[in-house]
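As structure tokens, the structure follows; a few thoughts come after it.
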Amino acid sequence: MGELAARYPAGSLLVSTGRCPGSAASDARFPQRIDRVGIRATRLRTVHGLALWTARAAALVRRGRPGFVWCAELKPAGYPARWLRARYGLPYGVIVHGTELLLLQAKLRRSRFKRWTARELLGGAAVVVANSRWTAALARSVLEELGRPALAAAVRVVHPGTTPERFRPGIAPEAVRERYGLAGGPWLLTVSRVDWHKGIDTVIRALPAVRAAFPTARYAVAGVGSAQPRLERLVGELGLGDAVRFLGFVPDPDLPALYNAADLYVGASRRFDLLAEGFGIAIVEASACGLAVVAGRAGGVPDAVRDGETGILVDPEDPAAVAAGVVRLLGDAELRRRLGAAGRRAVETYFNWDRTARDLLAIDREVRRGGPG
């Protein structure tokens, strides 16, 4: 949503959100008015936070008379948006990401109250925008279950992107290699939360077969999460030693150089319980940096990888399939180069925030003109 706010015409958007550390400095970078509710953003989900946010949003609407509202997510933003629709007739659009719909679908079947709430919040939107075809199909299923067939049929897909000026090939990787201990290689890279549905365990299980073909191959994971202790035990059980390196939190300024320090990006996300990857922004960041990609054929990931063009899709539950994909690309430098170059072109021409913002602006204007819902 920050990328959207940066690209709306200057002064045409009013952003309502909570406080966060450093918000004064970050707000000054946007060509829009950023109105901060007097409560931490993390507290907006509480009853007190929702009451404050709704009251503040209502005051903004009375003064500014906007014609449309974007909700960055269904909850908590859907609550004040739904109230503004009831009070002022203000239409709103909800952007859905995937996992929240899996959680919602499970709750619908257990609670009539949750079903009523979902029908009001999601079913009350003028338009629902999904980040991938998989998320869109899930949204349609939920809306059908909520008795909103017309809205289900009108679900839009707007893919996220990245910033090709920032994520690009040719960034010197030496400082990042030294900072994170990435000597040698070839290096496989995953940038994600260290959660079980990200498929990091599958890549670790694939690594012995990869190293049988490329003995110096190593795997770096950038991110933090609750699954790390179990993954570290798995590394020990497989005798991989320092072939797997957990980098921890990598600050945003280091990420472009980190992608440039790798030889291949691996994103083996899969459905795990009620968690899944709705799209995969890290994948298009890697593509922007000219990296070929091996990714899981699950969730919304296939929308981020053009199979055979910017990378290859494999079964994320099968370590042998992941290993085969990695070995194939490590063994064919020309194919890696060709896939990486195509990935870069895909970001320049499509998977970028400028195109995402244009798509969302077009939907905004359409709803203001009286469509689609």
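Just so you know, all these numbers are worked out from the coordinates, no wet-lab data involved. Predicted model, so just to flag it, every value in this text is computed and none were measured. For neighbour counting, all protein chains shown are included, and Cβ atoms are generated from backbone atoms with ideal geometry for every residue, glycine included.
Here is how the numbers come out for the structure above:
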read-out: Three-way shape label, the stretch 90-134, alpha-carbon gyration tensor, a/c 1.5; value: oblate
read-out: R179-D273 FRET efficiency (beta carbon distance; Förster radius 35 Å; 0.05 resolution); value: 0.50
read-out: D35-E3 FRET efficiency (beta carbon distance; Förster radius 22 Å; 0.05 resolution); value: 0.70
read-out: R245 versus R112: modelled label distance in nm, points set 7 Å from Cα along the beta carbon direction; value: 5.9
read-out: The stretch 75-152: trypsin sites (Lys or Arg not before Pro) in DSSP coil with no more than 11 other Cβ atoms inside 10 Å; value: R109, R110
read-out: Potential lengthening between R63 and E334 on full extension [0.36 nm per residue; Cα-Cα distance subtracted]; value: 91.6 nm
read-out: Which of F279, F167, F68 has the fewest Cβ neighbours within 10 Å, and the rest in rising order; value: F68, F167, F279
read-out: Note, ³J(HN,Hα) from phi for the stretch 163-170, Karplus 6.51, -1.76, 1.60, rounded to Hz, x at Gly and Pro; value: 10, x, 6, 8, 8, 7, x, x
read-out: Cα gyration tensor category, rounded, prolate or oblate, for the stretch 243-342 with a/c compared to 1.5; value: rounded
read-out: Estimated FRET transfer efficiency (E348, E73; beta-carbon r; R0 25 Å; 0.05); value: 0.30
read-out: C-alpha long axis of helix 200-213 to longest principal axis of the chain, angle in °; value: 20
read-out: Cα gyration tensor shape of the stretch 174-349, rounded if a/c is under 1.5, else prolate or oblate by comparing a/b with b/c; value: rounded
read-out: Separation between Cα centres of the stretch 114-173 and the stretch 221-276, rounded to whole Å; value: 27
read-out: Over the chain: helical MRE at 222 nm, DSSP H runs n ≥ 4 each giving -39500 (n - 2.57), nearest 500; value: -13500 deg cm²/dmol
read-out: Intensity falloff of the chain expressed as log10 I(q)/I(0), Debye formula with alpha-carbon point scatterers, at q = 0.09, 0.11, 0.12 Å⁻¹; value: -0.56, -0.82, -0.96
read-out: Estimated distance in nm for a label pair at L361 and E317, the labels positioned 7 Å out from Cα along Cα-to-Cβ; value: 4.4
read-out: Pairwise centroid distance, computed over Cα atoms, of the stretch 286-339 with the stretch 13-61, Å; value: 40
read-out: Separation in nanometres of the label points that stand 7 Å from Cα toward Cβ, at E120 and A154; value: 2.2
read-out: The stretch 122-146 residues near the modelled E309 label - backbone nitrogen below 18 Å, point 7 Å along Cα→Cβ; value: 132-134
read-out: Qualifying chymotrypsin sites (Phe, Trp or Tyr not before Pro) in the stretch 297-373, DSSP loop, other Cβ atoms within 10 Å at most 14; value: Y350
read-out: Ranked by how many other beta carbons lie within 10 Å on average, peptides 194-207, 290-303 from highest; value: 290-303, 194-207
read-out: Within the chain, percent of DSSP bridges classed antiparallel, to nearest 5; value: 5
